[in-house]
Structure formats: C-alpha cells, structure tokens
Amino acid sequence: MMAIGASALQITARPSVFLTQRSLGATMATFVHESDRTLSSKLTSSSHLSSVLKFNHKSTISRPRFHKFVTRSMSDASGSKPVSQLSIDLKGKRAFIAGVADDNGYGWAIAKSLAAAGAEILVGTWVPALNIFEMSLRRGKFDASLVLPDGSLMEITKVYPLDAVFDNPEDVPEDIKANKRYAGASNWTVQEVAESVKQDFGSIDILVHSLANGPEVTKPLLETSRKGYLAAVSASSYSYVSLLKHFLPIMNPGGSSISLTYIASERIIPGYGGGMSSAKAALESDTRVLAFEAGRKHKIRVNTISAGPLGSRAAKAIGFIDTMIDYSFANAPLQKELSADEVGNTAAFLASPLASAITGALIYVDNGLNAMGVGVDSPLFKDLNVPTDKH
C-alpha cells in the first residue's frame with residue numbers, strides 16, 4: 001500500500017494502462033474519479049467462467065461545468081519518493097464489447113485494456129461462433145491471452161449471443177430461424193441483448209462496436225451486387241447505430257461509446273471491396289452525428305478509432321492482410337508492426353475521464369500511415385535517402 005507523501009492529484013488505477021508520466025520535482029498531478037457504485041452479490045458467467053463481483057449503479061447527473069476532484073499526496077512503497085503517474089481508472093465501470101469471437105482481434109484487445117484499467121467486461125459474440133468461443137474459454141485455449149499486465153487474469157462476467165444485423169425478433173427471416181447454426185440460442189437480436197443486459201446488470205458505462213462483415217469484400221466495387229453492398233453497410237455501420245440506439249437508455253451519463261474504422265473510408269485501398277470502404281465512410285459520418293445526438297440527450301461520448309492492419313482471423317477474409325502489414329511497416333513514419341494492445345489502450349483512454357472532452361473524433365492508431373502521401377518504398381524514391389529503421 002502506498003504511503004502518504006508530497007502533494008499530488010492522483011487517478012487511482014491498476015498499473016497497466018499508462019498514458020503519460022510527468023515529473024514536476026517533488027509534486028505531480030493526477031485526477032481521481034469517484035465512483036458511487038456499491039459492491040453487491042457475485043455473478044457467475046453464462047460461459048461457466050469464475051464468479052466475479054457485480055456492481056449496482058445509481059445513475060447521477062453531475063452539475064454542468066463543475067467537477068469535484070480530490071487532492072492526495074502519494075509516495076512510493078518506501079515512503080521516500082513521490083510517485084509520478086497519470087493513469088487510467090475504470091474501476092466500477094461496466095463495458096459491453098460487441099464483436100468478440102476469438103482472442104486475436106481488436107475487440108479482445110480492447111476488452112483486455114478496459115479490464116486492466118478496472119472495468120467489468122461483458123461481451124457479445126456472433127451466434128454461429130458462440131459455442132466455439134465459449135468452449136475455447138472453458139477448455140483454457142485462451143488462458144495465455146487472458147493474462148493482464150499485472151499478472152492477473154481478465155474475467156469475462158458474461159457472454160451474450162448477438163447478431164447485430166437484426167434489430168428485433170420481427171426482423172429475423174425464417175431461413176435464419178431455421179438455420180442450425182442458430183439452434184439453441186435465444187434473445188440474440190440487438191434489442192433483446194440490450195434488454196438482457198438491463199435485466200442482468202441494470203446499466204453499462206462503455207459500449208464498444210468491434211464488428212464488420214462484407215460478404216463480397218474480395219470483389220471490386222464495380223462488381224459488387226446491390227445485395228452485397230447493402231449487407232456490408234448493414235453489418236458494418238448501421239449495426240452501430242442500432243447498438244447505440246438500444247443501449248443508450250441503459251448507459252450511465254458520462255459514459256463512452258467506441259467503434260473501429262479503417263483508412264479505406266477516405267483513401268483508395270485496392271482489394272478492400274464489396275462496399276466495405278463505403279460502410280466505413282458511413283460509420284465515420286455516423287460517429288459525428290451520433291456524438292451530437294447521444295451527447296445532447298444522454299451525455300454519452302461517441303468516438304471511432306481508425307486502426308492500422310492487424311493479422312487477425314477476421315482480417316484474413318480480405319486475402320491480402322499480410323501485404324498491408326508489410327506495406328505499413330515499409331511506409332509508415334513509425335517502422336514497427338502495430339500491436340492490438342495499442343488500439344486497446346487507446347480505447348481505454350477514450351473511455352476514461354481523461355478523454356472527458358473528446359467526442360465525435362476519429363483517432364488514428366496506425367503508426368502514422370494516414371499522414372503519408374506516397375509510398376516511400378517505391379523504386380522511384382530510391383535516390384532520396386529516406387530514413388529507414390535498420391533494426
């Protein structure tokens with residue numbers, strides 16, 4: 001336990017997701033977020049994970065413009081030196097991440113970063129992938145991926161079946177109802193999942209949209225059918241509108257919602273077809289409008305992260321993800337492979353009080369590739385002596 005020392009402002013959090021560290025002689029400043037949640041009964045996940053603590057919420061709207069912060073003095077364990085840190089505190093917060101079906105995508109990384117900052121984790125998994133996902137959790141297939149930076153394990157409080165293409169049971173066609181991949185699952189439309197979360201937990205603070213699908217993604221836009229194009233927009237962008245619409249009533253004021261986009265929304269990426277570039281452009285436009293509407297009506301912030309290429313199972317559907325990773329490494333200002341954790345940590349920041357004035361924003365997490373106007377690995381630039389990381 002840290003002893004009291006020199007004067008400081010501190011956000012107390014688990015020591016895992018750090019954003020800034022600034023030394024000011026013997027003093028430092030950090031913010032403390034005070035939670036009004038009370039500890040209550042234990043809840044066991046539907047995926048047979050270990051019991052975890054459940055928090056009951058009482059939604060309160062703070063007075064506009066004025067916020068109370070607590071000043072504390074902190075020193076290290078020895079009591080001799082002041083601790084200087086600005087960290088993320090999401091303890092007492094509850095997050096619902098839509099679109100987690102394995103342990104190697106951005107959705108999983110976001111869940112881990114939110115958990116590392118103290119948030120309780122709920123996930124929504126595509127119905128046809130639900131059984132495999134839950135089985136993998138139970139059999140320990142994801143155990144190594146559950147480890148948080150402090151050595152503890154991420155706990156998923158509950159896994160919900162979810163198909164964000166359908167808003168309510170009336171939208172589900174007969175062929176889907178009869179599909180054996182949906183057999184045994186219930187209450188998996190967006191409206192039903194939101195109602196289930198409300199019944200189980202009362203409210204959430206963080207909503208994450210980490211899902212997309214384009215059935216004709218490998219086709220050039222000129223060869224994309226109307227059905228394929230509309231399917232991409234429905235699954236990849238309108239699904240976010242629907243999620244926010246149905247979850248807003250159970251989100252606590254001051255909460256945050258985050259989606260994932262891609263630079264194909266504003267730049268030409270040959271091979272990223274089937275209407276997916278259009279869907280991402282729609283998602284970014286919707287982010288701005290939703291930020292206004294959700295902010296005015298519910299005091300919820302809405303942002304999107306434009307993430308660089310990651311070799312996830314979902315990304316491999318486009319067929320050339322490894323090429324995109326190599327291209328980014330060769331041409332981005334930062335010559336390194338993008339880590340899913342870097343996207344996860346950005347999401348944790350956006351969900352935290354540190355980003356309390358950020359909404360309607362598009363945040364690039366792509367090693368700076370978005371800033372480039374040319375590919376410097378082109379033979380045409382061989383005589384320009386472009387700096388290259390030799391390591």
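The values are calculated or read from the model by the stated rules, or taken from the named source; none is laboratory data. This is a predicted model, so every value here is computed, not measured. Counting neighbours? That spans all protein chains shown, and the Cβs are built from the backbone with ideal geometry, glycine included. The protein model used for the area step is the full one, side chains on, heavy atoms only, and it has no ligands, DNA or RNA in it. Shrake-Rupley method; radii C 1.70, N 1.55, O 1.52, S 1.80 Å.
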Matching option when the condition is of a type in the set (S, T, N, Q), open to solvent by 10 Å² or more (accessible area, probe 1.4 Å) and modelled with pLDDT of 95 or more, among Thr346, Thr287
Thr346
Meets criteria (of a type in the set (D, E, K, R) and open to solvent by 40 Å² or more (accessible area, probe 1.4 Å)) for Asp326
yes
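Matching residues to (1) among the β-branched types (Val, Ile, Thr); (2) under 29 Å from Val302 (Cα atoms):
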position: Lys141; (1), (2): no, no
position: Ile156; (1), (2): yes, yes
position: Val159; (1), (2): yes, yes
position: Ile176; (1), (2): yes, no
position: Asn179; (1), (2): no, no
position: Ser196; (1), (2): no, yes
May I ask you to list the residues in region 195-251 that are in a strand (DSSP E or B) and of a type in the set (Asp, Glu)?
Asp205
Subset of region 171-226 [in contact (Cβ under 8 Å) with a residue 60 or more places away in the chain and open to solvent by 60 Å² or more (accessible area, probe 1.4 Å)]
Thr218
Within region 292-313, residues of a type outside the set (Val, Ile, Thr), part of a strand (DSSP E or B) and within 30 Å of Gln335 (Cβ to Cβ) come out as Asn303, Ser306, Ala307
Which numbered condition Ile321 fails, given (1) open to solvent by 30 Å² or more (accessible area, probe 1.4 Å); (2) modelled with pLDDT under 90; (3) not small (Gly, Ala, Ser):
(1)
Output for region 134-151, where each listed residue is open to solvent by less than 50 Å² (accessible area, probe 1.4 Å) and either in contact (Cβ under 8 Å) with a residue 60 or more places away in the chain or under 18 Å from the mean Cα position of the chain (by Cα) (or both):
Glu134, Leu137, Ser145, Leu146, Leu148
Of the candidates Val289, Val343, the one satisfying the condition of being farther than 24 Å from Leu162 by Cα, in a helix (DSSP H, G or I) and either among the hydrophobic types (A, V, I, L, M, F, W, C) or within 15 Å of the chain's Cα centre (by Cα) (or both) is Val289
Of the residues in region 152-170, those that are under 20 Å from the mean Cα position of the chain (by Cα), hydrophobic (A, V, I, L, M, F, W, C) and buried (at least 18 other Cβ atoms within 10 Å of the Cβ) come to Met154, Ile156, Val159, Leu162, Ala164, Val165
Just checking, which of Leu369, Leu362 is within 30 Å of Arg301 (Cα to Cα) and either surrounded by 19 or more Cβ atoms within 10 Å (Cβ to Cβ) or without any contact (Cβ under 8 Å) to a residue 24 or more places away in the chain (or both)?
Leu369
